[in-house]
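Here the structure comes first, spelled out in structure tokens, and everything after it is commentary.
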Amino acid sequence: MASSKNTPVTVVGVPTDANSSYMAGAALAPSKIREALHRPSTNMCTENGVDLGVHPGWNDGGDLELDATSVGEPIDRGVSHLLETGHRIVALGGDHSITYPIVRATARKHPELTILHLDAHADLYDEFEGNRESHACPFARIMEDGLAHRVVQIGIRTMNPHQREQAERYGVEVHGVRRVPTIVELGLEPPLYLSLDMDVLDPSSAPGVSHPEPGGFSTREILSMIHDLPCSLVGADIVEYNPNRDQLGLTAMVAAKLLKEVLANMLGWP
């Protein structure tokens, strides 16, 4: 099912780092991204001219209420409810484990999903430190459950032998940061979902992440990928921003900028 710019968009926070493997802090991200979005040092206009300050097509739905003992099912229920009421979702994580239940809910409404995954890490572990719900595992779970017709990963620069085997097993298309095909060359088709991990960016552009990996993309390069998307997204998530690592608030501003341009895609597509 293709999406339409007339379908309303809800930004929803998913404040959890319950499945982070190394460092807590990502649960604090949604509120900090919202603060940066409304910071008076900038404005609410996007680069294609959409004024988010007055546009009626989107709203901030606040944060999902999560169960202290299990986050996956509450995320699935909350996203499913919003989708059933006719909304598209941009989720603000939180760690990357939130993508699995969000995609699970989205795939019920939009079968045959294509997922564009921007990240330094492939997140294809079968399990990580004994946890199959780890933020290192969501794309293994997505492919196991047949939730995506196609997964295209860009920016990956930490592949190990196990994850290479997993990518081959599931047919995941993995691109690093060298000789990356353009968005046009990838031939992405709707329904299209975007999962954007902030550590796809070089640490010089986004230092506020738990797992910084040198050699990543610039902010402009990621913005260009968003601008070049061939269709309106049916959903998206922005994950793994860690305010505890972001002393000057730079990464919050970058995340808010990326959020604005994702919303521009979803609201301003011809």
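Near the amide H of GLN153, under 5 Å away, which other amide H atoms are found, from residues 5 or more places off or on another chain, if H is placed in the peptide plane?
HIS117, GLU173, VAL174, HIS175
How do the peptides 191-199, 246-254, 156-164 rank, highest first, by the average count of neighbouring beta carbon atoms within 10 Å per residue?
191-199, 246-254, 156-164
Using a 7 Å offset from the Cα along the Cα-to-Cβ direction at both HIS162 and GLU47, what is the distance between the two label points in nm, to one decimal?
Taking the two extended label points, one gets 3.7 nm.
Report the semi-axes of the equivalent ellipsoid for region 213-263 in whole Å, largest first, where each axis is √(5λ) for an eigenvalue λ of the Cα gyration tensor. Write out the running numbers ahead of the final one.
On the way: eigenvalues 93, 35, 19 Å².
Semi-axis lengths for region 213-263 are 22, 13, 10 Å.
Within the chain, which whole H helices from DSSP have a Cα span along their axis of at least 20 Å and a mean Kyte-Doolittle hydropathy of 0.5 or more, if any? The partial results should precede the final answer.
Numbers: long enough: 250-268 (26 Å, 1.18).
The answer, listed by residue number, is 250-268.
Could you give each residue of region 149-156 its phi-based ³J(HN,Hα) in whole Hz, using Karplus coefficients 6.51, -1.76, 1.60 with θ = phi - 60°, and x for Gly or Pro?
Those phi angles translate into 6, 8, 10, 10, 10, 10, x, 5 Hz.
Given the options TYR100, TYR241, TYR22, which has the most mean-square fluctuation in a GNM of the chain, springs set between C-alpha atoms less than 10 angstrom apart?
Looking only at TYR100, TYR241, TYR22, the biggest GNM fluctuation is shown by TYR22.
If packing is taken as the average count of other Cβ atoms within 10 Å, what order do 255-262, 126-133, 217-224 fall into, highest mean first?
Working: 255-262: 22.4, 126-133: 13.4, 217-224: 16.5.
Per-residue mean Cβ counts within 10 Å order the peptides as 255-262, 217-224, 126-133.
Roughly speaking, what is the stretch gain from SER70 to LEU250, that is 0.36 nm per residue apart minus the C-alpha to C-alpha distance, in nm to one decimal?
61.7 nm
Multiplying the sequence separation of THR85 and GLU127 by 0.36 nm and subtracting their Cα-Cα distance, what value in nm do you get?
11.7 nm
Where a number appears in this text, it was derived from the coordinates with a stated rule and is not lab data. The shown structure was predicted, so the numbers you read here are calculated from the model rather than taken from an experiment. A quick note on method: Cβ atoms are made from the backbone with ideal geometry, for glycine too, and the neighbour counts reach across all protein chains shown.
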